[in-house]
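> The structure's right below; bear with me while I get my questions together.
Every read-out reported here was derived from the displayed coordinates using simple, explicitly stated rules and does not represent laboratory data. Because the structure is predicted, anything quoted here is derived from the model rather than measured. Ideal geometry is used to build each Cβ from the backbone, glycine not excepted, and the neighbour counts take in all protein chains shown.
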Amino acid sequence: MKLPVYLKVDLTTQAVEQMPISEEYFRLYVGGKSLAARLLLDLTEEGLDPLCPEAVCIINTGPLTGTGAPSTSRFNMTFKNVMTGGIGTSNCGGQLGVMLRRCGYDGLILTGRAEGPTVLEITDGEVSFRDGSELWGLDMEQTQQALPEHYGKLVIGPAGEHLVRYASAGSGERMAGRCGGGAVLGSKNLKAVIAYGTGEIPVARPEKFRRYVKRWINFTRKHPMTGDALPRYGSAGLVNKANATHSLPTHNFKYGHFDKADAVSGETMAETALTRNAGCVSCPIRCERRVKVENKEVKGPEYETLGLFGPNMDSDDLQAVLKLNYTCDLLGLDTISCAATIAFAMELKERGMADFGVEFGKVSELPRVVEQIAHREGIYSELANGSKWMSEKYGGGEFAIHSKGLELASYEPRRSVGMGLGYATSNRGGCHLNGGYVALLESIGVLMTDAQTTRSKAELTVFLQNSLESVSSAGCCLFSAQTFVPAIFFKLGPTHPVTRMVGGALAHMGPGVRLLLAASRLLRINTFYYVPHVEGLRLASGLPMYMGPFMEWGDRTFNLERLYNLREGLGGESDSLPGRLTREPQDPKRPDTVVRLDEMLPKYYAVRGWSDKGVPTEKRLRRLKIR
Amino acid sequence: MKVLVKYRGELARLAGRESEEMEASRVDEVLRQIKARYGAQAFKEAGRMLITVDRQSVTLLQNRRTPLKEGCTVAFLPVCGGG
Ligand code: SF4
């Protein structure tokens, strides 16, 4: 079993040191966001400013990164969340993770602050610091073009340089979008990290792994979701779907349905703007949309961006969304937080509480606004702080759509109440993925359980949160987890009686899921058709990884992140949503169209084995071997 | 009842059109007419799509038994995913 080796880099002193990971940590935390959460807890003091020199940023990989298994070009960034003050993580595609591993490193631990703009370069075993002054001020695309070809890169744009709280970092055209990782790198004067390696990526059982990967790729290609729907429409295909179930945020989450949504849907994009689809390295799914913006072929928007720059601003202008998406990518801005903050400012204006020159339905001027946000120009510097900060200054906390300070993604939780619970409990703030993405089983997937009932939602949320933690930490793209829903249901369709029956039954599966979670340790089998990732991880890492330990590992990771949040002052009181979502029914005639967090949270804490204040008990932590 | 039926994705290809008018009073009648006009494969494809009536998912209404009103729009959309 090969243990991971990390590289510790102090940007202040330019001291570099190898840091082998102990076998104990490898067995418990494996890699990716899981191991990074452990290291962040160990290596940082409580209460640090996320943008101070002592803050730590971990860029790491999982055992599957770069192995050729499906959708495994991924690496992870972990740091103190600039938006929430809790844990910040972001899973990103691109070549950097693969190249780092080819250099013989499984992760980087960055601390300190370089004296001036810097590029950190790792070439096989060599580490050097280049002057990055000439790159400072360049956008993401220009920066990457100015750096050597064939390298894996992670760069920031002007937004990161200006410490916009939701600045992203990018690798190729993939983004580590959420939580402000770009600002963290900017605060360290680190314009780019680049790596080029020629070594082999170690796999514990190469022959078996190679055969297994072949099967796994075939399975991914044949599954209707990863083999057809995602390649054909990308995540953009969800616009019409979410609209049809009233879970498409509209007018700053006031409504969940937009009459003109079809104009910004994945289908319309495919018919009018798509040039081709593309994908990350070693990914058979190829979900990326290539579209034309002002005669240039660029990466198209994901569903979240379409929803939040479209209907959530009362806009049906597809070209404007394409342009805004591209502009945000160039500047290094998280499209979700950026769009949601602008929508909040639109509502402030509508109510006469503040005027940032932005209005619902008027999006043609927004690229200029976005530029000003990225450069923190004038009043737009305030929008660069996010909607929570803005609501603290101007009021409107009821309709500032965030949790813990991070803006919600484009799923209206009043028509997907389990997703509401997920948003509220997600460790990184209002994130659908860290929240378990229960919307997939309630309002936007093929298997649709009752979206309004709170029954079984706590159990489903915990189960999915844990599973996604492990998939991400293994080094995989979370889209690859969409094969969790068996192909048969896509073949039957959402209106087929069998699909409806199984969807309906999910709301009664709480006790079963709870039992599964409690007994997960005993599940020492791997089933290819449910989560192929587990066996792949076992063969690649040499760890005794089976379904049960895989789920327990996700549970351990989620608890560890929670411990970090608690240490930084985010406890049960921060498991919340704005009043608009918990008190104002989306449909005034249906009182059940609110997120009943007060009903779900106590159950959720109980399923997690936490106290009624949302604190993991000692017993729970010992069981998970965190203590 | 005269309704507008819209096809997306593979179904549009099989039907050779993006929309047409039909006489139908329930969603399952539309499905039956698709089978009669475009064959079993189109019917199968239509059955596994997301069906909306005036942009509302029929899963929130009465599924395939959802009644149709004069002039309403029935759309067949691909089931998608994301994250
Ligand atoms: S599914 Fe899409 S985002 Fe994920 S690895 Fe593949 S191409 Fe990249």
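> Across peptide A:278-288, how many C-beta atoms of other chains are within 10 Å of each residue C-beta, on average? The partial results should precede the final answer.
On the way: counts 0, 0, 0, 0, 0, 0, 0, 1, 0, 3, 0.
Mean number of neighbouring Cβ atoms from other chains: 0.
> For every helix of n ≥ 4 consecutive DSSP H residues, a contribution of -39,500 (n - 2.57) applies; sum these over chain B, divide by its total residues, and give [θ] at 222 nm rounded to the nearest 500 deg cm²/dmol.
Dividing the helical sum by the residues of chain B leaves -9000 deg cm²/dmol.
> Another question about this same structure. How compact and how long is region A:413-623, expressed as Rg and Dmax of its alpha-carbon atoms in Å?
Values for region A:413-623 (Cα only, Rg and Dmax): 17.0, 56 Å.
> Next question, about the same structure. Give, in whole angstrom and from largest to smallest, the semi-axes √(5λ) of the equivalent ellipsoid of region A:316-426, with λ running over the eigenvalues of the Cα gyration tensor. If you can, show how the numbers build up before the last one.
Details: eigenvalues 96, 59, 38 Å².
Gyration-tensor ellipsoid for region A:316-426: 22, 17, 14 Å.
> Residues of A:228-235, mean number of Cβ from any other protein chain within 10 Å of their own Cβ, rounded to a whole number?
Values: counts 6, 6, 4, 0, 4, 8, 3, 4.
Mean partner-chain Cβ count within 10 Å for A:228-235: 4.
> Moving on to the next point. Out of region A:20-109, which chymotrypsin sites (Phe, Trp or Tyr not before Pro) are coil in DSSP terms and have no more than 10 other C-beta atoms within 10 Å?
none
> From zero up to wherever the largest Cα-Cα distance of chain A sits, split into 10 Å bins and tell me the percent of pairs in each.
Values per bin, smallest distances first: 3, 18, 30, 30, 16, 3, 0.
> Next question, about the same structure. Cα atoms only, region A:5-196: Rg and Dmax in Å?
14.8, 43
> What list of ³J(HN,Hα) values in whole Hz, one per residue of region A:195-202 in order, does the Karplus curve 6.51 cos²θ - 1.76 cosθ + 1.60 (θ = phi - 60°) give from phi, with Gly and Pro shown as x?
Per residue, the Karplus-derived 3J(HN,Hα) values read 9, 9, x, 10, x, 8, 7, x Hz.
> Gap in Å between the Cα centre of region A:326-367 and the Cα centre of region A:394-433?
Answer, in whole Å: 18.
> Let me ask something else about it. Give the aspartates and glutamates whose C-alpha is closer than 13 Å to that of A:Lys208, dropping any in the same chain fewer than 8 places away, or say none.
A:Glu535
> Also, quick follow-up: Within straight cross-link reach of A:Lys188, meaning Cα distance under 23 Å, which lysines are found once same-chain residues fewer than 8 apart are removed?
Once the sequence-local lysines are set aside, what remains near A:Lys188 is A:Lys8, A:Lys33, A:Lys80, A:Lys153.
> May I ask for log10 I(q)/I(0) of region A:137-293 at q = 0.12, 0.13, 0.18 Å⁻¹, from a Debye sum over the Cα atoms as equal point scatterers with solvent left out?
The calculated log intensity ratios at q = 0.12, 0.13, 0.18 Å⁻¹ are -0.80, -0.91, -1.19.
> Looking at region A:520-600, which trypsin sites (Lys or Arg not before Pro) are DSSP coil and have at most 14 other C-beta atoms within 10 Å of their C-beta? Please list the in-between numbers first.
Details: sites: A:Arg521, A:Arg524, A:Arg538, A:Arg556, A:Arg562, A:Arg567, A:Arg580, A:Arg583, A:Lys589, A:Arg596; in loops: A:Arg524, A:Lys589, A:Arg596.
Of the trypsin sites (Lys or Arg not before Pro), the ones in loops of region A:520-600 whose Cβ has at most 14 other Cβ atoms within 10 Å are A:Arg524, A:Lys589.
> Can you give the mean number of other chain Cβ atoms that lie within 10 Å of the Cβ atoms in peptide A:242-252?
Per residue, the average neighbour count from other chains is 3.
> Measure of size requested: the Rg and Dmax of region A:37-118, with Cα atoms as the atom set and Å as the unit; please supply both.
My reading of the Cα-based Rg and Dmax gives 13.7, 40 Å.
> Would you work out the Kirkwood radius for region A:484-539? I mean one over the mean of 1/r across all pairs of different Cα atoms, in Å.
Numbers: mean 1/r = 0.0747 Å⁻¹.
About 13.4 Å for region A:484-539.
> Moving on. Based on the Kirkwood radius over alpha-carbon pairs, what value in µm²/s does the Stokes-Einstein equation return for the translational diffusion coefficient of region B:2-68 at 20 °C and 1.002 mPa s?
This corresponds to a translational diffusion coefficient of 181 µm²/s.
> Oh, and also: Could you tell me the center-to-center distance, by alpha carbons, between region A:578-627 and region A:187-218 in angstrom?
After rounding, the separation between the Cα centres reads 37 Å.
> Still on this structure, I have one more. Which of the trypsin sites (Lys or Arg not before Pro) found in region B:16-83 are loop residues per DSSP with 16 or fewer other Cβ atoms within 10 Å of their Cβ?
Loop-located and lightly packed - B:Arg17, B:Lys69.
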